[in-house]
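What follows is one structure encoded as structure tokens, with my remarks underneath.
The values are calculated or read from the model by the stated rules, or taken from the named source; none is laboratory data. From a predicted model like this one, the values you see are computed outputs, not experimental measurements. Here the Cβ is made from the backbone with ideal geometry for all residues, glycine too, and neighbour counts use every protein chain on show.
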Amino acid sequence: MKIEKLLEEINSDVIDVTRTDFEYGNTYGVPNRSNNQLTFERGITKRGLLLCSCVLYVDIRNSVALTHKHTTETMGRIYTSFSKAVLKIAKHHHGHIRNIIGDRIMIVFPAGNCFVNAVECAITINHVCKKVINKQFSNVDFSCGIGIDYGELRVIKVGIPRNGVEGAENKSLVWVGYPANIASRLTDVAAKKITENYFEVTRNKINHKAIKPILGLGSIYSGSSAYNPLEPLYLDQIEKVVLTPEQFANSISSVTQGELFMLGGKFIKFEKKEKNIQYPDILVTESVLDGYFKQKNNLTDSEKDFWKEQAESVKSVSQKIFGASITWKLT
């Protein structure tokens, strides 16, 4: 096929996707690529499925550094041990493997009892990584990070129908929705020690009485119903605020040569500082932990206390995040 013909065909495919509708039926089980309720036919309404459940991602930490440090034979043994273990653990906890990309594995759970299944699956994975794989590969600093989120997933089939041994390799499922993205974000930082820069800014507070309200809406526009044009713009009170590098860059500007102006207050000084953040092995969103506590209603207070709210935010995650580095206590 000439390249022009290929590009013309792809253009037609894209137009088809933009002009046909998608419809979603509810499901409580985890779809696979052979599910006949999922379609990618051309020119007709494409059918997908909607599942509300938990998604878990697990990823080997520092795999690139490990590959540089250890032989390919050692890494091959580790990847094999890790993947095989996770597949067996997922099955034990009623989860379904739906993606393996290198050393990152995605597990989706049926809706029923999904919180308990997902959290206990994470604990078992963490236990095997720390107590089994690490023990057998004592010369390798092996660990993994795990993230879980809950919510609505829209499942669609992508690819092309193809006969023969390549058939399965040319189609897959796409999991559209926040839970897959958020679980992946949590996995990115779980079990990691991260060094971050921040700025500690000293400034005079703004006097909101000096800011005229817009359209009489008062504090909505940082003004005050007690507006007085004779009030000074800044107060004598001094505050210290912590800003990320991005926040600092967006809030500071130079109006007069040699002088700095800052949004939010009268700039006095700043210090660039550094902090180390150690994330637990397992990170979950608040919705997952709430669901887990409700489904597992016999948990003791000490068992609940293993889960600590994380002070640091994670990019794109709006919920509260809780973490733990727990394994099973075996009798």
Residue satisfying all of: in the range 126-156; among the β-branched types (Val, Ile, Thr) and touching a Leu at 6+ places or on another chain (Cβ under 8 Å); nearest to Lys294 (Cα to Cα) among these = Ile148
For the range 106-122, what are the residues that are hydrophobic (A, V, I, L, M, F, W, C) and either in a loop (DSSP other than H, G, I, E, B) or crowded, with 24+ Cβ neighbours inside 10 Å (or both)?
-> Ile107, Val108, Phe109, Ala111, Cys114, Ala118, Val119, Cys121, Ala122
When you scan the range 233-331 for strands (runs of 3 or more DSSP E) that lie fully inside it, which ones turn up with 3 or more residues that are touching a Gly at 6+ places or on another chain (Cβ under 9 Å)?
-> 234-243, 282-285
Residue under evaluation Arg61, criteria (1) touching a Lys or Arg at 6+ places or on another chain (Cβ under 9 Å); (2) under 19 Å from Tyr178 (Cβ atoms); (3) basic (Lys, Arg), criterion not met = (2)
Kindly indicate whether any position in the range 75-98 is at pLDDT below 85, buried (at least 16 other Cβ atoms within 10 Å of the Cβ) and more than 17 Å from Ala190 (Cβ to Cβ).
-> yes
Index of the failed condition, Ser254 passing every other in (1) more than 33 Å from the chain's Cα centre (by Cα); (2) surrounded by 13 or more Cβ atoms within 10 Å (Cβ to Cβ) = (2)
If you take the residues of the range 221-231 that are surrounded by 12 or more Cβ atoms within 10 Å (Cβ to Cβ) and part of a loop (DSSP other than H, G, I, E, B), which of them is modelled with the highest pLDDT?
-> Glu231
Of the residues Leu153, Leu186, which is in contact with a helix residue (DSSP H, G or I) (Cβ under 9 Å, 6 or more places away or on another chain), modelled with pLDDT of 90 or more and hydrophobic (A, V, I, L, M, F, W, C)?
-> Leu153
Out of Ile148, Ile194, report the one residue that is farther than 23 Å from Leu87 by Cα, under 22 Å from the mean Cα position of the chain (by Cα) and not acidic (Asp, Glu).
-> Ile194
For Asn134, indicate whether it is in a helix (DSSP H, G or I) and not aliphatic (A, V, I, L, M).
-> yes
